[in-house]
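Notes to accompany the following structure.
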Amino acid sequence: MKLKNIIIAAAAGLLLTSCGLFKKYEQQTETPVNIFGTDDQGRPLGPSAAADGSVLGGFPAETGTSLAQLSWREFFTDPQLQQLIEQALANNTDLNSARIAVEKSEAALKMAKMAYLPALYLSPQGTLSKFDSNPWAKAYELPLQLSVDLDLFGGITNKKRAAKAVLLQTQMNADAVRSNLVSTVAQQYYLLQVLDLQLDILTQTDGLWKASLDTQKSLWENGKAYSTAVNQMESSYLDVKTQIVDTRRWIRAVENNICVLLAITPQRISRSRWGTSPMNQHQSQDGLFDADFLKVGVPAALLENRPDIRMANFAMEEAFYNTQAARAAFFPSVTLSGTLGWTNSGGGIIANPGKLLLNFVGQLVQPIFARGKIRANHKIAKLTEEDMQKKYVQTIIDAGNQVNEAMADYQGAQEKHAYYHRQVEVLRDAYAGTHELMDNGKASYLEVLTAQESLLQSQLNEAMNMYDGAQAVIALYIALGGGAK
């Protein structure tokens with residue numbers, strides 16, 4: 001009686017101890033505060049408690065709206081860009097690999113769920129035996145073998161939950177690949193538009209400088225100018241020619257990059273002109289984009305929108321369940337098995353016809369010493385869980401840094417745009433005036449050369465700064481978790 005009580009008490013103790021092994025994951029890792037950082041004046045980016053309820057980028061603090069809430073079709077409304085993005089999402093090799101990884105994880109999860117069910121095998125076998133001069137003895141068995149593992153201590157449950165966390169990670173990875181693909185295609189598309197704009201500037205400059213060179217040659221032929229002036233003019237003119245060649249080559253390279261993203265052979269990429277897309281049509285002297293277009297949103301929303309942060313959270317969840325499964329390995333495993341079938345072998349007697357074969361076996365295995373394997377696996381799982389927690393925090397820090405960088409890049413491009421715009425106006429007037437003075441013999445050709453070269457460089461800089469602004473807005477959209485849907 002005492003032995004029975006001891007056994008019952010031990011079993012009850014095991015069951016009570018194992019209750020925690022079925023506990024579900026809850027995210028408890030503390031996240032950094034003020035993850036967006038501050039602006040140049042030290043003000044936090046995101047919602048603020050300012051009296052006017054506004055912060056950098058025109059975001060209203062009371063709404064919590066974010067750019068990331070826009071789908072990529074709502075954010076990029078250029079029809080030709082949308083077509084390119086759709087083609088990339090359908091054909092891109094990296095994205096297809098991410099989709100395949102999701103399907104693999106789905107299969108692994110399905111297998112983990114099936115672990116609750118019994119295993120059933122048909123294992124027929126036959127033997128021929130002969131002893132001395134006795135006739136051959138023919139024996140056979142035609143059994144169905146069934147076995148089931150009882151999940152008394154959460155081993156199967158935690159492995160299933162870990163498999164689901166792995167599936168969620170692969171889904172988030174696919175979303176991350178998708179958003180990066182959308183971002184890259186858009187950035188390359190706008191770079192093409194800016195290069196087209198620069199090519200137009202260079203082509204127009206080519207015509208103007210050709211006219212200046214012809215004028216200078218005419219003056220030289222009439223003895224009103226020196227050959228050095230003609231040579232200097234021609235040298236600058238040829239420099240523009242080489243820049244045109246380089247820009248066309250750059251355009252071809254960007255088109256080829258887009259073709260790689262679309263998994264198609266090299267070909268021309270159709271695009272609209274710069275300034276016709278809602279992404280860049282609001283450019284003016286006062287700023288690159290409408291301020292109301294940039295909405296950062298609340299920092300907490302970043303944790304819900306960014307695929308990499310969600311993937312890091314699911315990695316913590318997987319590590320948690322792997323630790324639970326490693327703990328469950330310390331407890332007994334219980335297996336029930338049985339056999340049902342026909343056999344003509346009854347011990348040492350061969351009987352025909354065969355008789356019904358039926359048996360049941362219950363097995364309990366309690367680890368006592370497994371060469372340190374169980375304890376080591378548990379320690380490794382705990383360390384992995386700690387590692388995933390630190391990586392989760394670092395992922396949030398990186399995300400906040402990307403938002404801060406994108407906002408800083410946007411601010412820089414916006415501020416420089418007004419300066420570049422004014423610089424182009426001033427240099428255009430300076431070039432026209434200097435050229436007129438040279439025609440009247442009141443300025444040298446060197447002054448004209450300096451004016452026209454400065455104007456060209458300023459025009460090219462203004463165009464590239466426009467692209468920098470567009471790139472910053474795209475980077476902000478992706479950094480806030482946009483583009484995944």
field: Candidate set from the stretch 355-374 (those that are open to solvent by 80 Å² or more (accessible area, probe 1.4 Å) and assigned to a loop (DSSP other than H, G, I, E, B)); member that is modelled with the highest pLDDT
entry: I368
statement: Flagged in the stretch 132-160 as open to solvent by 60 Å² or more (accessible area, probe 1.4 Å) and of a type in the set (G, A, S), in numbering order, are S133
Single unsatisfied condition, L67 versus (1) open to solvent by 60 Å² or more (accessible area, probe 1.4 Å); (2) in contact (Cβ under 8 Å) with a residue 24 or more places away in the chain; (3) more than 29 Å from N256 (Cβ to Cβ): (1)
field: the stretch 71-81, residues that are more than 18 Å from the chain's Cα centre (by Cα) and either more than 20 Å from V177 (Cβ to Cβ) or surrounded by fewer than 16 Cβ atoms within 10 Å (Cβ to Cβ) (or both)
entry: E74, T77, D78, P79, Q80
query: Residues N377, N352, N401: which one is in contact with a Gly (Cβ under 8 Å, 6 or more places away or on another chain) and open to solvent by 50 Å² or more (accessible area, probe 1.4 Å)?
result: N401
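Between Q457, Q471, Q414, which is in contact with a strand residue (DSSP E or B) (Cβ under 6 Å, 6 or more places away or on another chain), in a helix (DSSP H, G or I) and open to solvent by 30 Å² or more (accessible area, probe 1.4 Å)?
Only one candidate passes the filter, namely Q414.
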Any pair with Cβ under 6 angstrom, 6 or more apart, that starts in the stretch 116-144 at a residue that is among the aromatic types (F, W, Y) and ends at one that is modelled with pLDDT of 85 or more and open to solvent by 60 Å² or more (accessible area, probe 1.4 Å): Y121/Q145
query: Of the residues that make up the stretch 260-267, is at least one under 18 Å from A186 (Cα atoms), open to solvent by less than 30 Å² (accessible area, probe 1.4 Å) and part of a helix (DSSP H, G or I)?
result: yes
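Out of A408, A484, A451, report the one residue that is in a helix (DSSP H, G or I) and open to solvent by less than 40 Å² (accessible area, probe 1.4 Å). Let's see the steps before the verdict.
Details: A408 fails: open to solvent by less than 40 Å² (accessible area, probe 1.4 Å); A484 fails: in a helix (DSSP H, G or I).
None of the others qualify; the one that does is A451.
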task: For the stretch 189-247, enumerate the residues that are open to solvent by 50 Å² or more (accessible area, probe 1.4 Å), of a type in the set (G, A, S) and not in a helix (DSSP H, G or I).
output: G223
message: As an exercise: evaluate E74 against (1) in contact (Cβ under 8 Å) with a residue 40 or more places away in the chain; (2) closer than 24 Å to A484 by Cα and give the number of the one condition it does not meet.
response: (1)
task: Give, as residue ranges, the strands (runs of 3 or more DSSP E) completely inside the stretch 107-153 that count at least 2 residues that are among the aliphatic types (A, V, I, L, M).
output: 119-122, 137-150
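The values are calculated or read from the model by the stated rules, or taken from the named source; none is laboratory data. Note that the structure is a prediction, hence the values are computed from the model and not measured. All Cβ positions, even for glycine, are placed from backbone atoms using ideal geometry, and neighbour counts span all protein chains on display. For accessibility, only protein heavy atoms count, side chains too; no ligands or nucleic acids. Shrake-Rupley method; radii C 1.70, N 1.55, O 1.52, S 1.80 Å.
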